[in-house]
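Read-outs: derived from the displayed coordinates by stated rules, not from any lab. In this text, all values refer to a predicted model and were calculated from it rather than measured experimentally. FYI the Cβ positions are ideal-geometry reconstructions off the backbone, even for glycines, and counts take in every protein chain you see.
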Amino acid sequence: MTTSTLLTPDRAVLGPSIAQATHLALLAFEELAGLENLATNLSFLSYNAGFAGFRAGEDGRTVSVLTQFTRRASEELLHAHDEIQDLRSKTYRKNAELLLLQGKESSLISCIDLLSGTKRAIDSDRDDEQGRAVYTQVCKEALGRFRGEIERGFQAVFGYLDALMSLTQDLGDVLMRMENIATRVAIEATGIRDQETDFVQVAERMRGDCEALRSMLLRTKRAIRRAKNGSSSRIKE
């Protein structure tokens, strides 16, 4: 989605609209704020599972192999966290740029309204009419440039949200692998009496992490949709 169908030649994007739109976008990134801690927990679980597998000897070989996939999943979560932080920082910077542009845009609109007499602040004076017309045209041209920059700014924010949505898809794949690993560990636990309790605990904690990640992804996707819908609904004609 772009704002090209939302901005009109006659009116501007209002300040609260810009602030609200970018705020909603930032909230989408905040939904995954716990990803780093989740990756750390998963890495710790991998260590515990590997240690339990080692103590189980030959019977724990499968679990030991599974821990390698668990570590890989943890690394993928950390990598995704870094990418999300980068996108979040870009969104913050774009937010500041958009608000600055909106301030300039509002000033130009006030000048145009004043010069055109819509606010009745200047009496009609034939001697000044030509000068006001020239200055009004200059202001309108500058206003058009600012609106173009605002539109490109919104397009950039939408691009960051699209990138975030793509990352949630990748994290969904990681989630599926984590769930499979938790299931395999639980199955292995039934055949290893000496370490059964350790394996069951690992499987249960991993399932808990899976649920936490699933919840994060669902909230993030909803927040992305709200951000995009909110951006369009708050653009005034």
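For the reader, a short list of remarks on this structure follows.
- Sequence of VAL200, VAL134, VAL185 once ranked by neighbouring C-beta atoms within 10 Å, starting from the fewest: VAL134, VAL200, VAL185
- Once C-alpha pairs closer than 8 Å and six or more residues apart are averaged by separation and normalised to the residue number of region 159-228, the relative contact order reads 40 percent.
- Available extension along the chain between MET176 and GLU204 is 8.5 nm, counting 0.36 nm per residue and deducting the alpha carbon span.
- FRET efficiency for ASN229 and LEU100, using Cβ-Cβ distance with R0 set to 30 Å, rounded to 0.05: 0.75
- Pairs from the list LYS94/LYS228; LYS140/LYS228; LYS104/LYS228 with a Cα-Cα gap above 19 Å: LYS140/LYS228; LYS104/LYS228.
- Here, region 142-221 has an Rg and a Dmax of 21.6, 77 Å when only alpha carbons are counted.
- The value obtained for region 25-102, namely the Cα convex hull volume divided by the number of residues, is 60 Å³ per residue.
- Look at PHE69, PHE44, PHE158 and count the other Cβ atoms within 10 Å of each Cβ; fewest to most, that gives PHE44, PHE69, PHE158.
- Taking packing as the residue-averaged number of other Cβ atoms within 10 angstrom, the listed peptides 165-177, 212-224 run from highest to lowest as 212-224, 165-177.
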